[in-house]
Amino acid sequence: MLNANGIYTLRQVCELTSLSKSTIFRLRKDGKFVAAVRLTNGRIGFPIAEIHRWLAARPAEQPERRARNRDGQ
């Protein structure tokens, strides 16, 4: 069972969102991503519930747009 009060690591967030670390850092800098929680001096995490809210708020890519991008149009 998922603990909604838990923390995802940066690696888990990258896997879950399919975003790279650099993209996540850029989005955070621009104020367009979930704020990180400092776990130790060199480690950050992200609240699970906030990551899932962020994902739910993202517009889903339309299938026809995905097909056009794949075909280079």
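Read-outs throughout are calculated quantities, based only on the coordinates presented, and are distinct from any laboratory measurement. Nothing here was measured: the structure is a model prediction, and the numbers come from that model. With ideal geometry, Cβ positions are generated from the backbone for all residues, glycine too; neighbour counts draw on all protein chains shown.
Numerical summary
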read-out: Where labels lie 7 Å past Cα in the beta-carbon direction, separation of Ala56 and Ala35 in nm; value: 2.0 nm
read-out: Dipole magnitude of segment 7-61, debye to nearest 20 (Cβ charges: Lys/Arg +1, Asp/Glu -1, about Cα centre); value: 220 debye
read-out: Computed label-point distance, nm, for sites Thr23 and Leu10 using a 7 Å Cα→Cβ extension; value: 1.6 nm
